[in-house]
1. Just wondering, is there one or more residues in the stretch 361-373 that are in a loop (DSSP other than H, G, I, E, B), assigned by TED's automatic domain parsing to the domain that holds A25, crowded, with 21+ Cβ neighbours inside 10 Å and not aliphatic (A, V, I, L, M)?
2. What residue, of L118, L154, is touching a Phe, Trp or Tyr at 6+ places or on another chain (Cβ under 8 Å), assigned to a helix (DSSP H, G or I) and surrounded by 22 or more Cβ atoms within 10 Å (Cβ to Cβ)?
3. Test L103 against the stated conditions and say whether it is of a type in the set (A, V, I, L, M), in a helix (DSSP H, G or I), at pLDDT 95 or above and more than 16 Å from L34 (Cα to Cα).
4. Which pairs have Cβ atoms under 9 Å, sit 6 or more apart or on different chains, and link a residue in the stretch 234-247 that is touching a residue at least 60 places away in the same chain (Cβ under 8 Å) to one that is surrounded by fewer than 16 Cβ atoms within 10 Å (Cβ to Cβ) and aliphatic (A, V, I, L, M)?
5. Mind listing whichever residues of the stretch 511-531 are surrounded by 22 or more Cβ atoms within 10 Å (Cβ to Cβ) and over 26 Å from the mean Cα position of the chain (by Cα)?
6. Test T193 against the criterion of being among the polar types (S, T, N, Q), closer than 30 Å to D248 by Cβ and touching a Lys or Arg at 6+ places or on another chain (Cβ under 8 Å), and give yes or no.
7. Read through the list (1) crowded, with 24+ Cβ neighbours inside 10 Å; (2) assigned by TED's automatic domain parsing to the domain that holds H252, then give the number of the only condition that V472 fails.
8. Consider V615 against the criteria (1) out of contact with any helix residue (DSSP H, G or I) (no Cβ under 8 Å at 6 or more places or on another chain); (2) surrounded by fewer than 21 Cβ atoms within 10 Å (Cβ to Cβ); (3) not small (G, A, S): it satisfies all of them except one. Which criterion is unmet?
Amino acid sequence: MIVPRGHLGRQEARAPALAAALEEANLPTLLLALAQLTGDDRWVRDPYVPRPPRGPGDNDSGGFSPELQASIRQAAFEHIVAWRDGRLQPAPAPSAERVAQLLEISLGESLPEGYGPLLAEELGVADRRVAIKRPPSAGDFRVVVIGAGVSGLLAAIELERANIAFTVIEKDETVGGTWWENSYPGCGVDTPTHLYSLSFAQRPDWSRYFAKRGELHAYLEDIAAEFDLRRNVRFGQEVTDATWSAQDSLWHLTARDTGGHVHKYTANVVITGVGYFNRPAYPRISGLESFAGPVMHTARWRSDVHISGKRVAVIGTGASAMQLVPNVADVAGHVTVFQRSPQWGIPHPNYLRDVSAGTQLLMSEVPYYLGWYRLRLVWAFGDRLHEHVQWDPAWQHPERSISKTNDRQRAFLTDYIITELGDRLDLVPKCLPTYPPYGKRPLLDNGWFRTMTRDDVDLVTDDIVAIHSDGVTTADGRTHPADVLVLATGFKPLQMLAPMEIHGRSGRTLRQVWGPDDARAYLGITIPDFPNFFCLLGPNTFAGHGGSGILTIELEMRYVMEMLALMIDREIASVECRQEAHDAYNEELDAALARTIWAHPGMTTYYRNSRGRVVVPMPWTNLDYWHRTRHPDLDDYVIQRRRTE
C-alpha cells in the first residue's frame, strides 16, 4: 500500500483517494507520466523498464515484482503531491523523437522510423492546428459542411478556430451521426474508448474501456456544446444536390427539411463528413414486406417494439449482430440467427470491463497519465497490426492465411472459438471461418460464441429463400417461426455520398464519374472535375488494419485546412485536383491493395465492389498517411485565381 506522508497542504483530503487510485494504476503508463513530469530518465531505465506484454490487455503490472510495484506507486504519489503543492515544476515537453523513444521503452518494441512527429501530435505536445494569417470576412469566403457526426464536428471546430465562416447541414435532429442513429441493444465502439476520441478533446471519465452508444453520443453532444457549434448547424435538413458554378467559383447547394421545404446555400468550399455507415442496407428477400410482425434494421431500432418473450429472427452476423444478439438473448423467448458467413471474433480482456472510479481519478488528476495511456493504444491498436494484413507472396498456405503472422493469429483464434463453444462441437463448422483473419472487419467478441451454445438460440446457415407473415423459410425447406424480424445487414459504404447529386465543373455528377460502387479520390479527399470539394473519410481511407478512424479524420482535416490557408493567403478562387495526380495515386493505391488480405478471393466483404476492387480500406499505415497528407502540393492542382475588379 502507498502510505501518505509529509505535508500535503491544500490537497490533504485528496491524498487518500490518490493513494488508493495508484494501487490500480497501469504501471507502464505511470512510469511514462513520471518521466515526463520530472524529466528524469531513471523512470525509463532498469529496473523500471516494463516487460513486453503477452497477449491483449494493458499489461497493468508491467511484469514488475510486488516490491518494485509498491516502490513505483510510492514514488509516483510523492511526485504528484509535490506537483500539486507547487513544489515540483513540470519538465519541458519532450521532443517528438523523445516521445517515440519513451513509447518504445514502455512497449518493449521498436517503432517505425520517423514515428515521433505523429505521436507528438497525438500526445498533444505538438500542435496539429493550422493558422490562418488573415481570416476572410463571411461575405468573401464561406464553407458548407455536410453532416454533424464526428467528421462534421471536427471540421466545424477547425473552421471556428480559424475564424472561417461556415454552416453545417445535418439531416438528423441533433449531432452524433452514427452514434445518434444506431441505438440497438449493445451498440458500442470496438475501438478502445480512450483512443476513440479527438486528440485535443480527451475525456478522463469514460465509464467503460469500450463505451456503449449512449456515452459516445453524449461525448459528441458535449463537444458541440464546448465549442459552441450548434449555432452554425442547420438540423433536420438533408442536402439533395450540389452544383459547381465556374462563373462565380461557388457551390450552390439545395437541402430539404423534414417538412418538405427547400433551402438554398452557396459556398466557396464544400466539405463532406457523412462517413461510411449512414445509409442502411436492406436485403432483397422474397416476401420481406409480408412479414406480419415488427421489422426493423439495427440502424433504425424501434424502442417501441418489445421483444420480451418473443421469437426474434436476426438476419446477419456482422458487427451489429455480434453486439446485438448476446444482449437480447436473455430478454427474448427465442433467437434465431441467420448467417451467410461466419466471423472471426477477437477476445479482449477489457471489452466488457468498467473503468473504476480510481482509474478515472488517475486519468483526470495525474499529469500526463491519460495522454500516455491513450498513446500506448495508438500503437497497439493501430500500426502494430499492419503486418497482419500484408500478403507474403512466398507464403505456402494462401488458402487459409496470407503470412506466418496471419497464420499464427488464425491458430490462436481457432483455439479460442473452439474453447468458447465447449461441448457444442456441432457448432464448430458453423462458427469457424474459412477465410484468413482480418479479411473482413475485425470484430471483438461480445460473448457471441457462448451465446450460440444456448438452448434458446439457433444458428442457421442455410440460405434464406423466403419470408412469410410469421417466419423465415430456408433452402432446406424449414420454416423458422418469428414474431420480430431484425435486419442486421449493415450499410452501403460503396455508395459513397449517395443519394446526393453532386455536379462538377463539367456538369457530370459524381455518381456518373464513380459509377454505382467505384469511388476514387486523390488521398481519399479530392476528385478531379470537382473544385473546392473535399471528403472526410472518403474512398480508401478506412484504417482496416486497426486503430481509430478519428485519427484519419484529423489528418484529412489538417490537409483541408492547409489548403484553405493557401487559398485565402494567395487569393485562389478554386483548386481542382489534376487528373494525372489522381490517377497516379490510385494506381499506386490499387497496387498496394493487391498485396493486402482484402484482395483474398476466399470471402465476400463490403470492402470490395462488384468487380472485386477494394474501395473502403487504405493499404497504408497511419504513419504513411500522415506523411501523404502533411501538406498540400499545389502542383497537384489546377489553380484559378480570384478575379480582380
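1. Taking every residue of the stretch 361-373 in turn, at least one turns out to be in a loop (DSSP other than H, G, I, E, B), assigned by TED's automatic domain parsing to the domain that holds A25, crowded, with 21+ Cβ neighbours inside 10 Å and not aliphatic (A, V, I, L, M).
2. Sole residue among the options that is touching a Phe, Trp or Tyr at 6+ places or on another chain (Cβ under 8 Å), assigned to a helix (DSSP H, G or I) and surrounded by 22 or more Cβ atoms within 10 Å (Cβ to Cβ): L118.
3. Criteria not met by L103.
4. Matching pairs, first to second residue: T240/V262.
5. Of everything in the stretch 511-531, those that are surrounded by 22 or more Cβ atoms within 10 Å (Cβ to Cβ) and over 26 Å from the mean Cα position of the chain (by Cα) turn out to be P528, F530, P531.
6. no
7. Only one criterion in (1) crowded, with 24+ Cβ neighbours inside 10 Å; (2) assigned by TED's automatic domain parsing to the domain that holds H252 is unmet by V472, namely (2).
8. (2)
The values are calculated or read from the model by the stated rules, or taken from the named source; none is laboratory data. For clarity, every value in this text was computed on a predicted model and none was experimentally measured. Positions of Cβ are backbone-derived with ideal geometry, glycine not excepted, and every protein chain shown enters the neighbour counts.
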